[in-house]
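I have placed the structure first, in the form of structure tokens, so that the comments after it can refer back to it.
The values are calculated or read from the model by the stated rules, or taken from the named source; none is laboratory data. From a predicted model like this one, the values you see are computed outputs, not experimental measurements. In this analysis, Cβ positions are derived from the backbone assuming ideal geometry, glycine residues included, and neighbour counts consider all displayed protein chains.
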Amino acid sequence: MTSEVINARVTFRKSPIHMLERFTFRDIDSAYESFLKHSGLQECVLLQTCNRVELFGFGNGENLERIKKTWASVSGLEENAFKENLEISQGVDAYQHLLKLTSGLDSLVVGEEQILGQIKESINAARQMRASGNALNTLFDKAIRVGARVRQATGISKGSISIGSMAVKLAEDNIDDLKSKKILLIGTGEAASLVAKSLKKRGIDFDVTSRTFERSKSFAETAGGNPVRFENTIANFKLVDVLFVATIAPYFLVTYDRIKEAMESRKNGMMIMDLSNPRTVDENVATIKKIKMMNLDQIAEMVDKNMRTRMGVVSAAEKIINEEIPVMEAAMKRLEVEPIVKNVFKEIDQARIKELKKALQMLGEKDEQKIRIIDQLTQAIVEDIISVPMNNLRKASEQGDSEILKTVTKLFDYKTKE
Ligand SMILES: NC(=O)c1ccc[n+]([C@@H]2O[C@H](COP(=O)([O-])OP(=O)(O)OC[C@H]3O[C@@H](n4cnc5c(N)ncnc54)[C@H](OP(=O)(O)O)[C@@H]3O)[C@@H](O)[C@H]2O)c1
């Protein structure tokens with residue numbers, strides 16, 4: 001069986017966001033080492049975002065079981081954990097999936113820009129680790145270019161609604177006169193900045209906090225909000241009407257007891273939006289009276305609904321992707337023949353130089369100009385004879401004729417010459 005591109009992924013499409021964390025590669029360098037050593041893949045690229053954990057590999061498609069086994073051991077999982085969660089695409093399907101990724105079509109927020117940067121970072125990291133080679137480097141470089149083209153031609157990235165602005169919109173829809181409410185944002189990272197951006201755009205005042213006060217201060221300077229001290233704030237939610245939480249805390253920052261206590265001294269309700277994955281607000285909080293709570297899955301669902309209204313843009317993007325797939329397929333097929341073509345040219349050129357030297361010696365030729373003319377003559381003859389069959393080989397391979405590759409490899413096996 002010949003090598004092909006394989007994509008194995010666990011994403012928000014099949015798995016609730018809090019489940020994804022189980023499949024992540026905590027130590028990416030050792031994950032690369034393990035995949036290259038144990039999965040049978042010749043190349044691999046790992047992509048991890050808060051909505052997906054993906055592996056792109058180049059190797060024998062029969063290695064799927066080994067890929068799963070390696071993934072399970074790297075992430076400390078039982079192999080059957082993949083049953084409900086893993087999706088696999090191979091060959092052209094894998095190309096299509098990557099193009100959808102770079103174009104933002106497979107994102108939770110369709111058209112979002114972040115994914116393109118994350119894919120660039122992944123392929124750069126794989127290159128540095130020497131985990132990717134000719135096949136995946138070519139595939140990713142092309143996919144990144146197509147992704148940029150799709151975004152530019154369709155405007156899909158413009159007007160895409162972020163998770164942060166959807167969370168703010170939902171708060172606005174559920175709460176009368178949001179501007180007059182006490183709003184607290186816990187978190188000063190990327191997701192929090194999406195919320196802050198949207199609040200600021202609407203002219204809504206808010207407090208922001210994270211464990212280091214300095215971080216809250218510098219966040220407030222760039223993204224807006226009033227920085228407040230973490231310990232005091234987290235221990236007392238009494239005055240908060242709307243709470244946005246976007247942290248990577250590995251435990252519940254907002255506990256049942258804290259909210260229960262706060263609600264006992266409040267007349268009005270409270271809205272809580274947990275954008276974190278894994279969650280940092282205890283799910284049981286939702287059972288407390290007068291609490292309206294939404295988690296990332298629910299916010300994402302609203303984003304998705306909103307996106308369906310932009311179907312025209314989506315189908316324009318899909319059209320470009322469908323045009324690009326055969327181009328990509330041809331480029332990938334060409335890669336298969338290039339080593340043979342290169343080898344044939346090299347072997348023939350070596351033979352040419354050897355014979356040229358012999359002839360020049362026999363002629364006793366010293367005149368530089370004459371030597372150059374004879375050299376160019378031999379080069380031209382070689383080129384003329386070999387270029388056409390080699391170009392035909394490239395074309396046949398692009399058209400999926402794998403038999404010709406085997407035949408040419410046999411015919412031009414110079415190692416067998418005496
Ligand atoms: N980035 C996105 O586009 C996006 C989209 C949807 C959902 N999310 C989710 O949102 C959450 C935050 O992601 P992010 O991309 O914003 O991460 P990030 O940029 O790494 O920021 C992480 C935030 O968590 C805080 N934090 C870290 N450890 C903490 C702890 N033990 N206790 C309290 N706070 C802690 C950090 O501030 P301090 O260290 O100062 O406390 C920082 O404010 C994640 O759960 C992610 O899955 C992100």
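Contact annotation: residue pairs with Cβ atoms under 6 Å, 6 or more positions apart or on different chains, pairing a residue in segment 244-262 that is free of Cβ contacts under 8 Å to residues at least 60 places away in the same chain and within 23 Å of Lys181 (Cβ to Cβ) with a partner that is acidic (Asp, Glu) and part of a loop (DSSP other than H, G, I, E, B), are Thr255/Asp282; Tyr256/Asp282. On the given criteria, is Glu347 touching a Phe, Trp or Tyr at 6+ places or on another chain (Cβ under 6 Å), charged (D, E, K, R), at negative phi and not assigned by TED's automatic domain parsing to the domain that holds Gly59? Answer is yes for this residue.
Cβ-Cβ contacts under 8 Å between residues 6 or more apart (or on different chains), taken from a first residue in segment 87-98 that is assigned by TED's automatic domain parsing to the domain that holds Glu65 and at pLDDT 95 or above to a second residue that is in a strand (DSSP E or B) and of a type in the set (Phe, Trp, Tyr), are listed as Ala94/Phe56; Leu98/Phe56.
Look at (1) within 12 Å of the ligand (Cβ to nearest atom); (2) within 22 Å of the chain's Cα centre (by Cα) and you find that Gly155 fails only one, number (1). For segment 189-204, a residue qualifies if it is within 11 Å of the ligand (Cβ to nearest atom) and either at positive phi or not assigned by TED's automatic domain parsing to the domain that holds Arg258 (or both), but none of them does. Within segment 292-321, residues that are assigned by TED's automatic domain parsing to the domain that holds Val254 reach partners that are outside any helix (DSSP H, G or I) and away from the ligand (no atom under 16 Å from the Cβ) with beta carbons closer than 6 Å, at six or more positions or on different chains, in the pairs Lys292/Met271. I need a count of the residues in segment 314-341 that are at pLDDT below 90 and either charged (D, E, K, R) or not in a helix (DSSP H, G or I) (or both). Going through segment 314-341 one residue at a time, the tally reaches 4. When segment 276-311 is filtered for residues that are in a loop (DSSP other than H, G, I, E, B) and either away from the ligand (no atom under 16 Å from the Cβ) or out of contact with any Ser or Thr (no Cβ under 8 Å at 6 or more places or on another chain) (or both), the ones remaining, listed by number, are Asn277, Pro278, Arg279, Ile288, Lys289, Lys290, Thr309, Arg310. If you go through segment 162-188 and keep only what is farther than 16 Å from Leu243 by Cβ, more than 10 Å from the ligand (Cβ to nearest atom) and touching a Leu at 6+ places or on another chain (Cβ under 8 Å), you end up with just Ser165.
Within segment 377-384, is there a residue that is part of a helix (DSSP H, G or I), more than 30 Å from Leu335 (Cβ to Cβ) and not acidic (Asp, Glu)? Checked segment 377-384: at least one residue is part of a helix (DSSP H, G or I), more than 30 Å from Leu335 (Cβ to Cβ) and not acidic (Asp, Glu). Which one is nearest to Arg127 (Cα to Cα), of the residues in segment 57-80 that are buried (at least 19 other Cβ atoms within 10 Å of the Cβ) and small (Gly, Ala, Ser)? Checked segment 57-80; the qualifying residue nearest to Arg127 (Cα to Cα) is Gly57. Within segment 1-26, the residues that satisfy the criterion of being away from the ligand (no atom under 16 Å from the Cβ), over 12 Å from the mean Cα position of the chain (by Cα) and not small (Gly, Ala, Ser) are Met1, Thr2, Glu4, Val5, Ile6, Lys14.
Applying the condition of being free of Cβ contacts under 8 Å to residues at least 12 places away in the same chain and more than 16 Å from the ligand (Cβ to nearest atom) to segment 99-131 and asking which residue is nearest to Arg151 (Cα to Cα) yields Asn124.
The residue that is nearest to the ligand (Cβ to nearest atom), among those in segment 27-53 that are assigned to a strand (DSSP E or B) and not charged (D, E, K, R), is Thr49.
Name the single residue, out of those in segment 78-95 being farther than 21 Å from Pro16 by Cα and over 13 Å from the mean Cα position of the chain (by Cα), that is nearest to the ligand (Cβ to nearest atom). Looking at residues that are farther than 21 Å from Pro16 by Cα and over 13 Å from the mean Cα position of the chain (by Cα), I get Asp93.
Residues satisfying the criterion are present in segment 359-370 (criterion: touching a helix residue (DSSP H, G or I) at 6+ places or on another chain (Cβ under 7 Å), surrounded by 11 or more Cβ atoms within 10 Å (Cβ to Cβ) and at pLDDT below 90).
Those strands (runs of 3 or more DSSP E) of segment 205-275 in which 2 or more residues are surrounded by 15 or more Cβ atoms within 10 Å (Cβ to Cβ) and more than 11 Å from the ligand (Cβ to nearest atom) occupy 242-245, 270-274.
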